[in-house]
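Here the structure is laid out as structure tokens; the discussion comes afterwards.
Throughout, read-outs are computed from the coordinates displayed, never taken from laboratory work. All of these numbers come straight from a predicted model, not from anything done at the bench. Because the Cβ atoms are built from the backbone with ideal geometry, glycine has one as well, and the counts that use them run over all protein chains shown.
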Amino acid sequence: MSTPAVSATTARANLFNLIKEVAADHTVKRITSNAGDAVLMSAEDYESWQETVYLLRSPANARRLMEAVARDKAGESGINKTMEELESLTADAAGDE
């Protein structure tokens, strides 16, 4: 997957438009410079990426997540409670505190 690149000079001149673009379109821009390259992405996408990295850091957690994705793709959600039952469980747990 190729990330569109712009020079640091172009990025500086068009920073506000680049910010609007990556925030609206959820795209990433590579900013090239002799000092080293960088990327510009929306804060929302960055936070989501960081959360994914954190969740996959643990091999056991990564395995459980991948198994859940496979079950979901196979149409086996694993959820056998109604929303009302889940909300009741949450309310009960909050009352125990």
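Under a Cβ-only charge scheme (Lys and Arg +1, Asp and Glu -1), can you give me the dipole magnitude of the chain about the Cα centre, in debye to the nearest 20? Spell out each step's value before the answer.
Details: 10 positive and 16 negative charges, 169 e Å.
It comes to approximately 820 debye.
Its alpha carbons considered, the chain gives a radius of gyration followed by a Dmax of 20.8, 58 Å. For region 4-91, the residue among A68, A11, N34 whose Cα projects farthest onto the positive side of the dipole built from Cβ charges is N34. From most to least packed by mean Cβ count within 10 Å, the peptides 68-76, 41-49 give 41-49, 68-76. Our helix-only sum for the chain, with -39,500 (n - 2.57) per DSSP H run of n ≥ 4 divided by its residues, gives a mean residue ellipticity at 222 nm of -19000 deg cm²/dmol.
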